[in-house]
Structure formats: C-alpha cells, structure tokens
Amino acid sequence: MESPRLLFFLYPILILHLLAVTNAQPRFLSYWCSNGVGNYTNNSTYKANLNTLLTSLSSNNEIDYGFYNFSAGQNSDKVNAIALCRGDVMPTACRSCINDSRIQLTQLCPNQKEAIGWYDNCMLRYSNDSIFGTQQSSPYFYMRNSKNASNVEEFNQVLGNMMASLRSKAASGDWGRKFATGEANVTSFQSIYGLMQCTPDLSELSCSNCLEGATNEIPTCCDSRKGGRVVKPSCNLRYETYRFYDFTAANAPPPPATSPPPLANTTSTQETRSNSSRTIILIIVPSVIILIIILVGFICFFSRKKSSMEKLETHDEDEITNVESLHFDFDTIRVATNNFSDSNKLGQGGFGPVYKGKLSNGQNVAVKRLSSGSAQGELEFKNEVVLVAKLQHRNLVRLLGFCLDGAERLLIYEFVPNTSLDHFIFDPIRRAQLDWERRYKIIGGIARGLLYLHEDSRLRIIHRDLKASNILLDAEMNPKISDFGMARLFLVDQTQGNTNRIVGTYGYMAPEYAMHGHFSVKTDVYSFGVLVLELVSGQRNNCFRVSENIEDLLSYAWKNWREGTATNLIDPTMRISSISEIMRCIHIGLLCVQENEADRPTMASIVLMLNSYSLSLPVPSHPAFFMNTSMNRDMSLELEDNSRVAQSNYLPSRSSHFSVNEASITDPYPR
C-alpha cells in the first residue's frame, strides 16, 4: 500500500520534470559512419541488439546524470554504446537530445556497425568494438568563430592558461562528471569563457591526455579567432568571448556517487533487477530535492518582503552600502536643473517629465520627476531604488540615485548624450549615420542587456515595453536600455504570469500579452524581434511604407522571406558591409516574432545566434498578425507624430491610443 501512496505524492513533481521539454536540434554538428567496414544486415542479431540498446536510451535513468554506457548481446553480435550530454544541460534536454541522436544516427548510418554523432548538447556513439574506458582521438572535427581576436598574443596567453586550468579540473572529476567551465579576463572589457569535458569512464590521466591533444589542435583550427571548438569521441573543448554555457547548471555540484555504475547487458535478469532498483532511487532522490527547493523558494519569497524593510547598512563593502549613499539633496537637484526650467526639459513620459541637470562637480545627469502614481512608503521606495541601482550593465542606463522631499520623488540617471534610437533610424536624414556595422553593434548590445535582465542580474526583470524610444545611445552609439526598473518603483499589480493591467506600446507587444495579459521573458523576445526588423528596414512596425501604401512590417518581412526576396526589407539609405549578417538578423527577427511564444528563442540563444555563425538557425513559423494592416492611416500617423514628443526618452512617449504607462516587471524570487 505504501508504493501507490508514494507515487501519488510524487506525481505532481514528476509532471514538472515532463514540462521542461526543449526543442530538438534538426541536424548534427558532425557525424561519422564506418563506411562499409563491418556492416550488418537488416534481419541480423546485431541489428536486433542495436535496436534494443538504442530504444532503452530514452527510458534509462543514467541519462539524468548526463552519461550512459551500456551493451547488449554476446560475442560478435555485441553492441556497445556511449551517450554523453554537455555538463550544463538539464536532464530533460539531455534525454531529448539523445533521443534525437539515436533516430538521426541510424538514418544517416544505415547497416553500419560503428557510428558517432554530435549535437551541441550531446554525443551518441556505438560500436561492435570495446569503447568503454578507452581514449579515442578520432574521428574529430573543428569549428571556429568567424571573427578575429584583438591583441592576439595576450589573448592566446590568457587562453592557454585557462585551458590548462580547465584541463586539470575536468580530468580530476569522478565517474559522474568530468566537466569544467571557467572564464578569464583578457582586458577589463573582454573575457574568454571556456569549457572542457571527457567521457567519465576515462581515467584522470587518459582524460588529461585527450584534452591536451585537443588543446594542441587550437592553433591549427582556430588561430587568432575569438572562439573555437575541438570535438573528439572521448573529449571536447570550446572557448568563446561570450558565455555560451548555462553558468548555474555548469557550476552545480555533481551527483553524489562513490563508484561507477556497472555496465549492463540486456540479457541479464539480475542486472535488470538492479537497474529497476536504481530507477526507483533516481526518481525519488531528485524529486525530493526538487520538493525541498520549492519549499525553500516559498520561504524565501515570503520572507523577502520583511527583509526589504530592514536597513541596508549591513551589505558588503563592495556593493552599494546603504540608502544614504544614493540620496541626493533636493536643493542640489533644483540648482542642477535650473529650478526644473523648461529650457532644461528633455521630454515628457508616462511617469513624469525628464530634465537635464549639471551637478556641482560638472557631471551631467538626467533627472526624472515622478508623478504621484507610486503607492509605496518612503522606506520601501528607498530600498527598491537601491535594488534597481545595483543592476549595472554597460547596456543599461545606470540609476545614480534618488531624492525624496515631501511629495517630490526624483530619480537621477546617468546622462546619455545621443538621445534615443528612434531619433536616428526613423529620421530620413539622421538614419544615414547608422551604417550596418553600427546597427549590428546596437542589436548585439540590446540583446546582451536583455540577457542580463532576464538571467544574469540579481533580479529577474521583464521589461514589457522594449522599443526604439527606450533604447538610448551614448557618445559612441552604444545602446543602453532605459526604464527597466519602473515596475518595482511603481508596484505594478503582478510580477509574472497574467495581469489585468496591460502596459507597453502596441506594435511591440506580443499577442499573448496584448490580448490575454500573459507575459514572460518571451514577451521581451517578441519586442526585440520587432526592433531588429526596424533596425534592418529603417521603418516603424506600425507605419511601414511601401511606395504609396502603408503595410505592417512583420507581414511584409514574412512575405518577402517566404518569396526569397528578403533583401527588399533592407534600408536603402544604409551603407552595407555584410549582406549575410543582415539576412541572418532578419532570420533571427522572424524567429523572435513567431506567434507561438514557445517557438521563440530565449535571449541566451539569441546572443549565441548573433555571435556564432556555425550555429544553424531553425526555420521560423509565421509571425503574429494581431495588429495586421487593419490600422488606418490616421492612427498610424498619430502614433508617429506622438513619438516625436519625448526628446530624452528616459521616460517613453505616451499616446492616448497606443501606449499606456510603460513599466518593466521583476521576478521577486531569490536568485
């Protein structure tokens, strides 16, 4: 009676496992077949053993640890298989990748006794020879980043030191995982991220030798390049100038184990019973751990409100130490803005006017004078400002501090001199200043800023109003996302899931959000896709002009993509340096604006797509046409005219028809 009760208790947790399914990768990065040497026939015992072995892959729980080595059959009909997932890949994604591998590999290598296939997330290998615990260096393949590194000598020296450190760390792992990631700084502005992995059945010496051999191939495959990878059957390495792996998963502790799992033969009844016992353990232990994590999350969530009321003087010295360090005197700001004179006014947004100010030390600032819409008390407001001020990234506008004086609530930001992106790409004269190289740089910067908000910052923030007027440009035309913390400061009613209060700007809004109030990180991905297509075309989404007609940008882009005339989308005033980059960005933009939010990539995937040309892109499905072309000309022009009002766009422009109080949204759970 106890077993059914236990399964009933664990059922909701197991459902959570099943919901985390990832999309299959369509093609191998590389694969190899034995090419006629050692073939088998369709009705042979070898094929039956191979089918049995590969079928068991999808249900075997060893995959949850990212490594599987099994055999089936006897003597000359014996089949040996190894499956290995990258160390930062979650179990569900690992299982899906291995399942795709077994289907693809048998199709690509029919009737061949030995084959190996590599995806980005996993490797599958089978052979009639003994392959367990044996270092094998061939077949292998290279991949390299298309861009050259600067300061090559210094870059190579830092790379070499990092590879040596990772090799030692990976080789010293146990049977559960021989995997290591790390990063090293080349300059204060550039880092190298690296990954090394061996199949865990290798000894420490064999793993080290395999990785050393792979490292020695770097000058051959990837000399002077910003990134590259060397992939062999027993080990692999990769490095890039951006983080291409899941940092949290890569640094998670390996599964507890003291000895390697026994190799299994499908004909052994005793070992089958052992596998069944192991299966039960592998279901119960992770499920209990997940339950504990969920309970701890709830405890942290409900205690967070209480802790946010406490003073912040106990924070580490290397962080913003207390509230007072961010406080500005009201008289100081009044003098800096010339008593908030109209001549210093930069713009008017949904949360109040913005003024340019100059502090006594000569520093230029932007001062946002908030309207009376916030319902927070003073202490809450101060603590929220401290939290937002800690979100620092080169592609975010930095919040310098605040001022509270009676009913006055002021936010002080860094001053960004080149106003906002919409003043360039939608201006028939100024957009000529943005050649493709600069636009591509802007696209990459926005993507990195969003990735920081979604995954890398101490608060998970969903912007919900990403648009050209909320992208500010500094003196070097680097993009900075603004208004990413307004939801926290204004206590927006919901932080995730669904809301009855729709905020944002139509045309950039994902359909599930505009129509049903459902939002997620994919809401921002949709807006990013619209921005990419606007940067390529130089036209607004809501007012895209084709000859004398006004057409929806997304439908125009999709129609030309299907007809093979996507070059029609390119801004004719733009100086083009790489047509392939532009076509790739159009492709990425269409992936971002797909109607089904589950089909849209994450910002982490987008950053990878923008930086790695070796990564093949999936085919996009049709975009959402919820705005379509039903908008009449007057409504489009009203939006276009209204957008010219906000000169600063530290607060975005507001239209009575199209834009309501813009705000970001923040996931309050501890990270």
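What follows draws every value from the coordinates through simple rules; no lab data is involved. In this text, all values refer to a predicted model and were calculated from it rather than measured experimentally. Because the Cβ atoms are built from the backbone with ideal geometry, glycine has one as well, and the counts that use them run over all protein chains shown.
At-a-glance table
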| item | result |
| --- | --- |
| Separation in nanometres of the label points that stand 7 Å from Cα toward Cβ, at Gln74 and Ser224 | 6.1 nm |
| Mean Cβ count within 10 Å, highest first, over the residues of peptides 199-211, 226-238 | 226-238, 199-211 |
| Protection-proxy order for peptides 84-91, 426-433, 520-527, each taking the mean of Cβ atoms within 10 Å per residue, highest first | 520-527, 84-91, 426-433 |
| Placed amide H near Glu114: partners under 5 Å, 5+ positions off or other chain | Ser34 |
| Label-to-label distance, nm, for residues given as Leu108 and Ser30 (7 Å Cα→Cβ offset) | 1.1 nm |
| In sequence order, calculated HN-Hα J values of the stretch 587-597 (Karplus, 6.51, -1.76, 1.60; Hz; x Gly/Pro) | 4, 5, x, 5, 5, 6, 9, 4, 5, 7, 4 |
| Listed peptides 284-295, 329-340, 454-465 by packing density, highest first (mean Cβ within 10 Å) | 454-465, 329-340, 284-295 |
| Cα-centred dipole magnitude for the stretch 144-250, charges only on beta-carbon of K, R (+1) and D, E (-1), debye, nearest 20 | 280 debye |
| For Tyr242, residues with placed amide H under 5 Å, excluding near neighbours | Tyr193 |
| Label-point separation, Asn148 to His516 (7 Å along Cα→Cβ), nm | 5.1 nm |
| Other-chain or far-sequence residues with amide H under 5 Å of His463's (modelled H) | Ile665 |
| Glu408-Arg458 FRET efficiency (beta carbon distance; Förster radius 35 Å; 0.05 resolution) | 0.80 |
| Pairs beyond 26 Å (Cα-Cα), from Lys226/Lys522; Lys226/Lys390; Lys169/Lys226 | Lys226/Lys522; Lys226/Lys390 |
| At R0 = 60 Å, FRET efficiency that the Cβ-Cβ distance of Asn185 and Asn43 yields, to 0.05 | 0.50 |
| Per-pair calculated FRET efficiency, R0 = 35 Å: Phe340 and Asn251 via Cβ, rounded to 0.05 | 0.15 |
| 3J(HN,Hα) from dihedral phi, the stretch 76-92, Karplus parametrisation 6.51/-1.76/1.60, rounded to Hz, x for glycine, proline | 6, 9, 6, 10, 10, 9, 10, 10, 9, 9, 4, x, 9, 8, 5, x, 5 |
| Karplus-derived 3J(HN,Hα), 6.51/-1.76/1.60, for each residue of the stretch 463-472, Hz, glycine and proline x | 5, 6, 9, 6, 7, 4, 6, 9, 10, 8 |
